[in-house]
Amino acid sequence: MDGDPTVEKPNAEGGAAISQSTMDKKAIARFSGPAANVNHAAMDIRPASSADAPAVWSIIEPVIRAGETYTLHRNLSREEALAYWMGADKEVFVAEQAGAILGTYYMRPNQAGGGRHVCNCGYVTAPDATGRGVARGMCEHSLVTARAHGYLAMQFNFVASTNQRAISLWQKMGFEVVGTLPGAFRHPTHGYVDAFVMYQAL
């Protein structure tokens, strides 16, 4: 899910950044209370801080090492991986429950200039938190946040066709496959497989 490293968040017309005060606070607030889709317990989704780096690394390292979903070198160091995930070009969030970080996602403009009204996100759930609605919760949160920032669409640039669990979830969340990149991803087990471009207008 690569994109252009542009920090500014566009408004609906692709101009200056929208203030956080324009955010749909009711929609965001519901993620700070009971979340019915996460074992009926409270899950907070909040901006990540530097103090969250160890937890973020523990979540993204297994995904990077597996090499089955993200187009990142499997031997990235901790510093390199965190520089990518928590870089200045991204707005990073963590999903927290009872003091434990269950997942993390980032948001960034997908392109610069005339393409910065479309955002791009990447999500990872902790291995021991899968199947608990964390990814769905983060995706819902990202869609609300993207609209509040003035983005007009969200695009996933590179979804491995073998990642059926993610594809199914994204489709349930309103994303459509709008393009196929034949043999674009070299899966460590399945070899060269297609990658999908998935898109949702906001």
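The values are calculated or read from the model by the stated rules, or taken from the named source; none is laboratory data. On a predicted model such as this, the values are computed, not experimentally measured, just so you know. Here the Cβ positions follow ideal geometry from the backbone for every residue, glycine too, while neighbour counts run over all protein chains shown.
Tabulated data
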{"read-out": "Condition met for Thr162 (of a type in the set (Ser, Thr, Tyr), farther than 23 Å from Met43 by Cβ, in a loop (DSSP other than H, G, I, E, B) and more than 15 Å from the chain's Cα centre (by Cα))", "value": "yes"}
{"read-out": "Residue check, Leu76 among the hydrophobic types (A, V, I, L, M, F, W, C), part of a loop (DSSP other than H, G, I, E, B) and free of Cβ contacts under 8 Å to residues at least 60 places away in the same chain", "value": "yes"}
{"read-out": "Condition met for Glu91 (within 20 Å of Met43 (Cβ to Cβ), in contact (Cβ under 8 Å) with a residue 12 or more places away in the chain, touching a strand residue (DSSP E or B) at 6+ places or on another chain (Cβ under 7 Å) and not aromatic (Phe, Trp, Tyr))", "value": "yes"}
{"read-out": "Any hit, segment 25-41, residues being in contact with a helix residue (DSSP H, G or I) (Cβ under 7 Å, 6 or more places away or on another chain), modelled with pLDDT of 95 or more and either part of a strand (DSSP E or B) or loosely packed, with under 12 Cβ neighbours inside 10 Å (or both)", "value": "no"}
{"read-out": "Count of residues meeting criterion [within 26 Å of Gln200 (Cα to Cα) and surrounded by fewer than 21 Cβ atoms within 10 Å (Cβ to Cβ)] in segment 97-113", "value": "3"}
{"read-out": "Scan of segment 56-100 for residues that are small (Gly, Ala, Ser), more than 14 Å from the chain's Cα centre (by Cα) and at negative phi, ordered by number", "value": "Ser58, Ala66, Ser77, Ala81, Ala83, Ala88, Ala100"}
{"read-out": "Among (1) more than 20 Å from Phe185 (Cβ to Cβ); (2) in a loop (DSSP other than H, G, I, E, B); (3) modelled with pLDDT of 95 or more, the one test that Ala95 misses", "value": "(2)"}
{"read-out": "So Val124, is it among the hydrophobic types (A, V, I, L, M, F, W, C) and in contact with a Gly (Cβ under 9 Å, 6 or more places away or on another chain)", "value": "yes"}
{"read-out": "Subset of segment 98-144 (residues that are within 24 Å of Ala81 (Cα to Cα) and in a helix (DSSP H, G or I))", "value": "Pro127, Asp128, Ala129, Val134, Ala135, Arg136, Gly137, Met138, Cys139, His141, Ser142"}
{"read-out": "Selected residue (criterion: farthest from Arg132 (Cα to Cα)) from residues of segment 152-199 that are of a type in the set (Phe, Trp, Tyr) and touching a helix residue (DSSP H, G or I) at 6+ places or on another chain (Cβ under 9 Å)", "value": "Phe196"}
{"read-out": "Of residues in segment 165-192 being assigned to a strand (DSSP E or B), touching a residue at least 12 places away in the same chain (Cβ under 8 Å) and small (Gly, Ala, Ser), the one surrounded by the most Cβ atoms within 10 Å (Cβ to Cβ)", "value": "Ala184"}
{"read-out": "Answer from Gly103, Gly115, Gly122, Gly133 - the residue that is over 30 Å from Tyr192 (Cβ atoms) and either modelled with pLDDT of 95 or more or more than 12 Å from the chain's Cα centre (by Cα) (or both)", "value": "Gly133"}
